[in-house]
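*Asks:* I am attaching a structure below and will ask some questions about it afterwards.
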Amino acid sequence: FRNRKFTTKQLVIIAMLVALNVIFIRFLSIAAWNIKIGFAFVPVVFAALYLGPWQAALVGALGDFIGGNPVPPLRRTCPGFTITAAIVGLIYGLFLSKKQTMPRILGAVLATESRFSAAEHLMDQRIVWFSFPAADGNPCI
């Protein structure tokens, strides 16, 4: 294993990507009925391509945590969403950080969208419906 310390350049890039992720989550997502279309994966994929798997996981988790908490005293975040965002960033990083070929890109998309989207949805529905309500009465949102 190599040295795991972040350089100043990496920290600045991670901070910018987290900020972009939050903007994409909060303002550039379209929600219609039960479908949400957004571009929040783009900063995570960029981090996976240029920084590596652990940094991509950090961008995904921090972006989800900050973007999911509009008013921290009134709302809480669900840990399942944040953990899933970190795992998705890690998977993108493992598939895309070394070499980008069409099979690796398709593998990353299939691995994140099929397995983790379904698992996130089922796991977080249980967390949402069986958690204690937040200060405003809404559970875990």
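The values are calculated or read from the model by the stated rules, or taken from the named source; none is laboratory data. Everything quoted here is computed from the prediction, not taken from an experiment. The protein model used for the area step is the full one, side chains on, heavy atoms only, and it has no ligands, DNA or RNA in it. Shrake-Rupley method; radii C 1.70, N 1.55, O 1.52, S 1.80 Å.
*Asks:* Could you do me a favour and compute the accessible area per residue for region 17-66, 1.4 Å probe, result in Å²?
*Replies:* Ligands and nucleic acids excluded, the figure is 59 Å² per residue.
*Asks:* Mind listing the phi-derived Karplus ³J(HN,Hα) values for region 106-111, rounded to whole Hz, using 6.51, -1.76 and 1.60 with θ = phi - 60°, and x for any glycine or proline?
*Replies:* 5, x, 5, 5, 5, 5
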